[in-house]
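The values are calculated or read from the model by the stated rules, or taken from the named source; none is laboratory data. Keep in mind it's a predicted model, so treat the numbers as computed, not measured. For neighbour counting, all protein chains shown are included, and Cβ atoms are generated from backbone atoms with ideal geometry for every residue, glycine included. Side chains are part of the model used for accessible areas, which takes the heavy atoms of the whole protein and leaves out ligands, DNA and RNA. Shrake-Rupley method; radii C 1.70, N 1.55, O 1.52, S 1.80 Å.
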Amino acid sequence: MIFNQKKNGWNLNFEFKENELVYSLVTSTEKSKTKISYLEITGDSWEHIRRNEWYRNVGLLWLVIGIYMNVVMYLDIKSLAPSIWLILGVVMLVIYKVREINFLVLGAGSNNILIIKDSSCEEIYNLLLEKRKDSVLKTYGSINFDNPLDVEVGKFKVLLDQEFIDKKKYEEVVKELNDYHKNIPVLSPITSFK
């Protein structure tokens, strides 16, 4: 499954493969393509807003100049016509707001996955978390009876704490592990060598 997002010169591509995401990011200054294992996705997310501060700064400066010019024109010739600087200042502030990009950022090891907050954002985010959960359960969700009891119980406790499994599944696994380890004969240690 492939998703493509574009906004204000940003182009993000999400190619969902079986065990990894192929994530591409293209801007006017950057081009990258990264393979990210679903196991690397941390589940931590936050919002990031990308703005071009230049438009805001220039807009505010021209707005101040425009207000000053309007006051001078009114005091000098009693004209209420807006100054070109005032109009340009407002235009720059509008551009500043329109070119703003809101991202949902998802942590993934040493990478961050940027998702543009648009109509497909929620679907991409939920699919990433679903693929993450499937990969974690595929890798860590089966019982390894060769491991010591405390190691396996600990592993499933982590899966429970991170909400990959529910309490009922955790209790079933712990019961199965306890039943298995009860039936293993305990070997006595060797006390002497001959």
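Some observations on this one:
- The Cα center of segment 130-180 and the Cα center of segment 60-116 differ in position by 54 Å.
- Around the Cα centre of segment 95-141, unit charges on the Cβ atoms of Lys, Arg, Asp and Glu (plus for the first two, minus for the last two) sum to a dipole of about 140 debye.
- Candidate aspartates and glutamates - alpha carbon under 14 Å from Lys168, same-chain residues fewer than 8 apart omitted: Glu176
- Accessible area per residue for the chain is 67 Å², calculated with a 1.4 Å probe on protein heavy atoms, without ligands, DNA or RNA.
- Over 24 Å apart at the Cα level, from the set Lys138/Lys169; Lys155/Lys182; Lys7/Lys138; Lys17/Lys133; Lys7/Lys31; Lys117/Lys155, are Lys7/Lys138; Lys117/Lys155.
- Helix-only arithmetic for the chain: the sum of -39500 (n - 2.57) across DSSP H runs with n ≥ 4, divided by the residue total, places the mean residue ellipticity at 222 nm at -15500 deg cm²/dmol.
- Which of Tyr23, Tyr125, Ile77, positive extreme of dipole for the chain (C-beta unit charges): Ile77
- Separation of the Arg50 and Lys138 label points, Cα + 7 Å toward Cβ, nm: 3.0 nm
- Solvent-accessible area of Asp118, all protein chains in place: 70 Å² (probe radius 1.4 Å, heavy atoms, ligands and nucleic acids excluded).
- Using a probe radius of 1.4 angstrom, the carbon and sulfur fraction of the accessible surface of segment 94-191 is 53%.
- Under the span-like rule (Cα at least 24 Å along the axis, Kyte-Doolittle mean at least 0.5), DSSP H helices of the chain: 53-77
- Within segment 34-60, backbone nitrogen closer than 14 Å to the virtual label 7 Å beyond the Cα of Gln162 toward Cβ: 37-45
- Which of Met1, Met69 is most accessible, then next, and so on - probe 1.4 Å: Met1, Met69
- Modelled FRET efficiency - R0 41 Å, Leu127 with Ile65, Cβ distances, 0.05 increments: 0.25
- Per-pair calculated FRET efficiency, R0 = 35 Å: Lys7 and Lys169 via Cβ, rounded to 0.05: 0.30
- FRET efficiency estimate (nearest 0.05) - Cβ-Cβ, Ile84 to Ser28, R0 22 angstrom: 0.15
- Between Tyr74 and Ser37, residue separation times 0.36 nm minus the direct Cα-Cα distance comes to 6.8 nm.
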